[in-house]
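Participant: A single structure is presented below for examination.
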Amino acid sequence: METTLYIPPLGLAGQFTAPAGFAAAVIFAHGTSSGRTSPRNVRVAARLQDAGFATLLMDLQTEEEKADPANQFDVHRQSERLLLAVRHLRATTAVERKPIGFFGAGSGAASALIAAGRAAEHDGIGAVVCRGGRPDLAEEWLNAVAAPTLLVVGGKDAPALDLNNDALARLHCVKALEIVPGAGRLFEETGKLDQVADSARSWFTTHLLKAANG
């Protein structure tokens, strides 16, 4: 089932897809100059849906905000919107009390990590996956993340590899760093994005479905 949601109070649009009998949900946090129609995130979301996860791909900025480049890296504002989306899903959809994870890409990785660090216990953030991300932008919030976190980096993306190694050392949760050989920053090489999707599915299956099953 696919539903277009409008997350209050700004009415940010989101595409919510809920397979029958899903036990957990994943909210996507895109990087700069992207949104709910990001082809890479749509592709990863489809793989998660096939594995029985509900997904929410949403815009993190209003149209007015998108016009100002200065807003693209406002990861703290965007993290707040992820938490608003969590609460909206719980209040208005069949997600209710089911486990929720974040999948962050680019600067969206920092937004996801900040939101996970800020989440109150009742928000139930059960796992985080970051693809080619900028976890360094989460700064001191890395220390507060409790949810199991997987960082996925392309083997050809040396700057991101350095940033993610540093972030891994600062995380105090269950954590892992996966390097995808031969992949660049956007995982555009043949088969590389599918490897990311498979890793995300495995991580969320282990940590979200385990929580859902008690």
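Participant: Which of Gly35, Thr17, His172 sits farthest toward the positive end of the charge dipole of the chain, with +1 on the Cβ of Lys and Arg and -1 on the Cβ of Asp and Glu?
Facilitator: With unit charges placed on the Cβ atoms, the residue in question is Thr17.
Participant: Amide H neighbours of Gly126 under 5 Å, counting only residues 5+ apart in sequence or on other chains, H built in-plane at 1.01 Å?
Facilitator: Result for Gly126 returns Ile100, Gly101.
Participant: Between Asp194 and Leu168, what is the FRET efficiency for a Förster distance of 22 Å, r being their Cβ-Cβ separation, to the nearest 0.05?
Facilitator: 0.40
Participant: Give, as ranges by residue number, the residues of the range 179-197 whose backbone N falls under 18 Å from the point 7 Å along Cα→Cβ of Ala46.
Facilitator: In the range 179-197, the label zone of Ala46 (backbone N under 18 Å from the point 7 Å along Cα→Cβ) covers 187-197.
Participant: I want to make sure I understand the PRE zone here: with the label point 7 angstrom from the Cα of Thr206 toward its beta carbon, which residues in the range 135-164 have backbone N atoms less than 12 Å away?
Facilitator: 148-151
Participant: To continue, here is another question. Place the peptides 1-9, 85-93 in order of packing, highest mean first, counting for every residue the other Cβ atoms within 10 Å and averaging per peptide.
Facilitator: 85-93, 1-9
Participant: While we're here: Share of the range 95-199's accessible area from carbon and sulfur, percent, 1.4 Å?
Facilitator: 50
Participant: Nearest 5 is fine: what % of DSSP beta bridges in the chain come out antiparallel, could you say?
Facilitator: So the antiparallel bridges in the chain amount to around 30 percent.
Participant: Can you tell me which of Glu178, Glu63, Glu80 moves the most in a GNM of the chain? Springs connect C-alpha atoms under 10 Å apart.
Facilitator: Glu63
Participant: Taking the solvent-accessible surface of protein heavy atoms with a 1.4 Å probe, what is the per residue accessible area of the chain in Å²?
Facilitator: For the chain, the solvent-accessible area averages 43 Å² per residue.
Participant: Could you list which residues have their amide H under 5 Å from that of Glu178, counting only those 5 or more apart in sequence or on another chain, with H placed in the peptide plane?
Facilitator: Leu151, Val152, Val153
Participant: Mind giving me the nanometre distance, one decimal, between the label points for Leu186 and Thr4, set 7 Å out from Cα along Cα→Cβ?
Facilitator: Output for this residue pair reads 2.6 nm.
Participant: Over the range 1-104, what is the relative contact order in whole percent, taking alpha-carbon pairs under 8 Å and six or more residues apart?
Facilitator: Answer for the range 1-104 is 35 percent.
The values are calculated or read from the model by the stated rules, or taken from the named source; none is laboratory data. Model, not experiment: these values are computed from the prediction. Positions of Cβ are backbone-derived with ideal geometry, glycine not excepted, and every protein chain shown enters the neighbour counts. Surface accessibility is based on the protein's heavy atoms, side chains included, excluding ligands, DNA and RNA. Shrake-Rupley method; radii C 1.70, N 1.55, O 1.52, S 1.80 Å.
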